[in-house]
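Note sheet for the following structure.
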Amino acid sequence: MAPQDNISIRNLNGTWVMDKIRSTNLDAVFKLQGMGWITRKAIAAGTPSLKITQGSDSDSAGLLSSPPTEWMLLEPALGGVFKAAPDKRPMTWTESQYTDNLFGRVVIRSRYIAGEKTLDDRMRPLVEIQTGDLEPDAERILTEAIGITTDTAGQWTIEKAFIHDFARSVDSGWTAEQIWAVEIIGVETMLTRRIVVNKGSSTELARVFYTYQ
């Protein structure tokens, strides 16, 4: 199914299904995150999906003295058989902790970040990378320019053009940094995630592509 006309990084509401042909094989990423062989093979055999809900909350008194707090709720599933714990995160770059069915206790920060237009009319995320001592390939994947869906005529910088996450495992010692985007791939509008997972001296990179269901 084609995405709704007003899809954007701040309006991802709906269910997105992983395009396994375009996406990186995630086995090495999951292995570095401590996931067991049987679970990794089960995921590889299925079709992961991601239900996303975005919204905002006013303060507890309902006053307008400060902007509403934006949030995003993620509900991963695998072929209608397995559902991970819902993950609701504020988009304020403050730490929130949740317990994931697969990865255990995870602390994560999320925020919208700006993008900068390139000379070939693509968009590059203006990201402050959190993972230390990255190899050039890892830094490149988090900063690469994409084909965008937003009309940027006359604008070189677009606020809230991407989502930036930084997560760390409380128990297993890995970190995961990623950039989310809505981009044009050929003639399709897709949700994409560019991921760098690090543990000790080991790093795994991935690109994940989703189509709207």
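The residue of region 22-77 that is modelled with the lowest pLDDT, among those that are among the β-branched types (Val, Ile, Thr) and surrounded by 15 or more Cβ atoms within 10 Å (Cβ to Cβ), is Ile43. Regarding region 162-170, can at least one residue be identified that is of a type in the set (Phe, Trp, Tyr), closer than 28 Å to Asp57 by Cα and surrounded by fewer than 18 Cβ atoms within 10 Å (Cβ to Cβ)? Checked against the condition, which is being of a type in the set (Phe, Trp, Tyr), closer than 28 Å to Asp57 by Cα and surrounded by fewer than 18 Cβ atoms within 10 Å (Cβ to Cβ), region 162-170 yields no hits at all.
Pull out all pairs, ordered by first then second residue, where Cβ-Cβ is under 8 Å, the residues are six or more apart or on different chains, the first lies in region 195-206 and is over 12 Å from Asp133 (Cβ atoms) and in contact (Cβ under 8 Å) with a residue 40 or more places away in the chain, and the second is of a type in the set (S, T, N, Q) and not in a strand (DSSP E or B). Taking only residues 6 or more apart or on different chains, the pairs are Val197/Gln33; Lys199/Gln33; Lys199/Ser172; Leu205/Thr24; Ala206/Ser23; Ala206/Thr24. Annotation for region 125-134: no member residue is part of a strand (DSSP E or B) and either free of Cβ contacts under 8 Å to residues at least 40 places away in the same chain or on the phi > 0 side of the Ramachandran plot (or both). What do you reckon, is Glu204 more than 19 Å from Leu50 (Cα to Cα), under 16 Å from the mean Cα position of the chain (by Cα), surrounded by 20 or more Cβ atoms within 10 Å (Cβ to Cβ) and among the charged types (D, E, K, R)? Criteria met by Glu204.
Output the residue which, of all residues in region 78-101 that are touching a Phe, Trp or Tyr at 6+ places or on another chain (Cβ under 7 Å) and aliphatic (A, V, I, L, M), is modelled with the lowest pLDDT. Once the filter is applied, the top-ranked residue is Ala85.
Where residues in region 102-150 are at pLDDT 95 or above and among the polar types (S, T, N, Q), which of them is surrounded by the fewest Cβ atoms within 10 Å (Cβ to Cβ)? In this case the residue turns out to be Thr143.
The values are calculated or read from the model by the stated rules, or taken from the named source; none is laboratory data. Because the structure is a prediction, the values reported are computed rather than measured. In this analysis, Cβ positions are derived from the backbone assuming ideal geometry, glycine residues included, and neighbour counts consider all displayed protein chains.
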